[in-house]
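What follows is one structure encoded as C-alpha cells, with my remarks underneath.
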Amino acid sequence: MSTLAPPDPAPSAPPTPLLDVERIREEFPILHQQVHGKPLVYLDNAASTQKPRAVIEALDAYYRRDNANVHRGLHELSNRATEAYEGARLRVASLFGIADPAELVWTRGTTEALNLVAWTWGQANLRAGDEVLLSVMEHHSNLVPWQLLAQRTGARLRFLDIDDQGRLDLSALDELLTERTRLVSLAHVSNALGTVNPVRQIAERAHAVGAVMLVDGAQSAPHLPVDIPALGCDFYAFSGHKMCGPTGIGGLWGRRTLLEAMPPFLGGGDMIDVVELEGSTWAALPHKFEAGTPHIAGAVGMGAAADFLAGIGRDAVCAHERALVGYALERLAEVPDLRVWGPRDPAERSGVVSFTLADIHPHDLATILDAEGVAVRAGHHCTQPLMRRLGVSSTARASFYLYNTPAEVDRLADALRHARKLFGY
Ligand code: 7TS
C-alpha cells in the first residue's frame, strides 16, 4: 500500500446537459438540504427516488379534499376517490402504452406483482418437471417467489449465466429453453449492474417453445421509455416509488387472456361478483386482483408521477441518464484502484454504476461518502447469488435519475479519492 497519493489527473469534460436539470431540481424539495454540513448528492435512486412537488401535492390534495373508500359509496367523496383512483390507472396505462387499462393491476410494488403471478398463474400452470428460467442476476424478488413455487409444485429452476461484463450469456439459451420451460422471468435492467437485458428478443424465443415471459421492470419502468406491450412479454412488474411515485404502490401488467384465466390472489372485498356461503364468483379485471381497500392515495400519487414523467419526456430522461452514466464511467476510471462492475459500453447500461475501491469494504466506502454528503447504497443489493457469481461480498452503487447533474458525478469522484486517501492508498 503506497502512502503517496498519485497526482489527480485532469478530469473529463462534463456532458452538455440534455434536460433543464436546474428547473427539474426545483420541483424536488428534498434535494435542497445539507447532509453532514454538505449539500446532499442523492445517488441511491435504484433503491428509491425522490418525489416532485406535483406528487406531494396530489397526495395532500387527495387527503384534504377527496378522501373516502372507492367503488362502494354513493356519495360525492367516494365518487371522487373512485374517479381519482381509476383516473390514475388510465394515466399510468397511457405512460406505458397500455391500451386496455383493465390489464393493469395495482399492487404494492414489484415484489407483490411477482408474488401475485407466482401464486396464481404459477400455481395453476406448473407441475413437477416443468421448468422456470431465470438468471443469476435476479433481485431476490424475482428469485425467492419462484423458489417457493418450485417447492410447492416440484417445478425446477434453471438459470442464465452472465459474461465477464455482467451481460446475460445468451449462448446457452437454446439449451436452457425447452418444451419443459413454462415461464421465463427476467429483470429488464439489473439493479446491481445496470445491464439492460434484451427482453424482447428473449420473449420471442420463450414464445417459440410455448413459455410465458415475465419482465421484472422495477429498474426499467423509471429509466427507459418503456412501451410495455411492445416488449412482447406477457407480464410486466413495476414499483411506483422508483419512478417519482409514493411507496406502497406499483403494478402488474398482464395479457387479458392470461389474467382472466388466472385464479384470484387475495380474497376479500371488492374482488368478488357474487358471494355465497360456500363459494363466490370474481369481479371483472382488474378488480379480481385488488382485494380490500387499496392504496388509493398511492395510486393518485402514482398518476401524478406518470404525468410528471410524461411531461418531461421519457426519451429525454433516458438520454440524460445515459450521458450522466457515460460521464460517471469516465470520472470513475480516473480513480486509481477503482473497479466498475457491469457493461463497459454506456449504451448497454441504465443509470446504475456498481463499484469496488481497492480492498475498502463497500460499507466503509458508503459511510465515508455519506460524510461527504453523497448518498449511495452498499451491500449485496438483494442479489446475493449475483455477488457470489462476481466473487465479491458486496459492492457500492451509485444510481442516477433525472435530477442528477455532472457536478454531482464530480462530487462522487472527489469523495472516492478522499476515501482512498483516508485508507492510505
Ligand atoms: N426487482 C428489481 C430489479 C429491483 O431492483 C427491486 C428493488 C425489486 C425487484 C423489488 O422492488 P420493490 O419495490 O418491490 O421492493 N430494488 C432495490 C434496490 O436495488 N435497492 O433497494 C431496492
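The values are calculated or read from the model by the stated rules, or taken from the named source; none is laboratory data. The structure displayed is predicted, hence computed values, not measured ones. Ideal geometry is used to build each Cβ from the backbone, glycine not excepted, and the neighbour counts take in all protein chains shown. Surface areas here come from the heavy atoms of the whole protein model, side chains and all, with no ligands, DNA or RNA. Shrake-Rupley method; radii C 1.70, N 1.55, O 1.52, S 1.80 Å.
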DSSP beta bridges in the chain: the antiparallel percent, rounded to 5, is 60
Over segment 313-408, what is the mean sequence separation of C-alpha contacts under 8 Å (at least six apart), divided by residue count, expressed as relative contact order in percent?
-> 30
For segment 193-274, with all protein chains present and a 1.4 Å probe, just round the carbon and sulfur fraction of the accessible area to a whole percent.
-> 55
When only Cα pairs under 8 Å and 6 or more residues apart are kept, what is the percent relative contact order across the chain?
-> 24
Please give, to one decimal in nm, the separation of the simple spin-label points placed at Glu26 and Ser48, each 7 Å out from Cα toward the Cβ.
-> 2.8
Share of segment 56-134's accessible area from carbon and sulfur, percent, 1.4 Å?
-> 52
To the nearest Å, what is the center-to-center distance of segment 332-395 and segment 34-105, using C-alpha atoms only?
-> 32
Cα-based Rg of segment 32-92 normalised by 2.2 N^0.38 Å, two decimals = 1.62
With label points built 7 Å along Cα→Cβ from the Cα atoms of Arg65 and His140, find their separation and express it in nm.
-> 4.1
Computed label-point distance, nm, for sites Asp169 and Ala128 using a 7 Å Cα→Cβ extension = 3.1
Give, to the nearest whole percent, the P(r) tail of segment 280-333 beyond 13 angstrom, counting all Cα pairs.
-> 74
Protein accessible area in segment 313-425, 1.4 Å probe - carbon and sulfur % = 52
Gain on full stretching of the segment that runs from His75 to Asp414 - 0.36 nm per residue minus C-alpha separation = 116.2 nm
Would you please put 152-160, 407-415 in order of how densely packed they are, using the mean number of other Cβ atoms within 10 angstrom per residue and starting with the highest?
-> 407-415, 152-160
Accessible area per residue of segment 328-398 at 1.4 Å probe, in Å²?
-> 37
Using just the C-alpha positions of segment 39-143 as equal point scatterers, what log10 of I(q)/I(0) does the Debye formula give at each q in 0.10, 0.18 1/Å?
-> -0.49, -1.14
Counting only the backbone N, which residues of segment 32-51 are under 17 Å from the spot 7 Å out from the Cα of His363 toward its beta-carbon?
-> none
Note: Ala102 to Leu266 extended length (0.36 nm per residue) minus current alpha-carbon separation gives 57.3 nm
Helices from the chain with mean Kyte-Doolittle at least 1.0 and a Cα length along the axis of 15 Å or more, per DSSP H: which?
-> 296-312
Over all pairs of different Cα atoms in the chain, the reciprocal of the mean inverse distance gives a Kirkwood radius in Å of 22.6
Counting Lys and Arg as +1 and Asp and Glu as -1 over every other residue whose Cβ sits under 11 Å from the Cβ of Leu231, the net charge comes to -2
With the 8 Å Cα cutoff and a minimum separation of six or more residues, segment 1-123 has a relative contact order in percent of 10
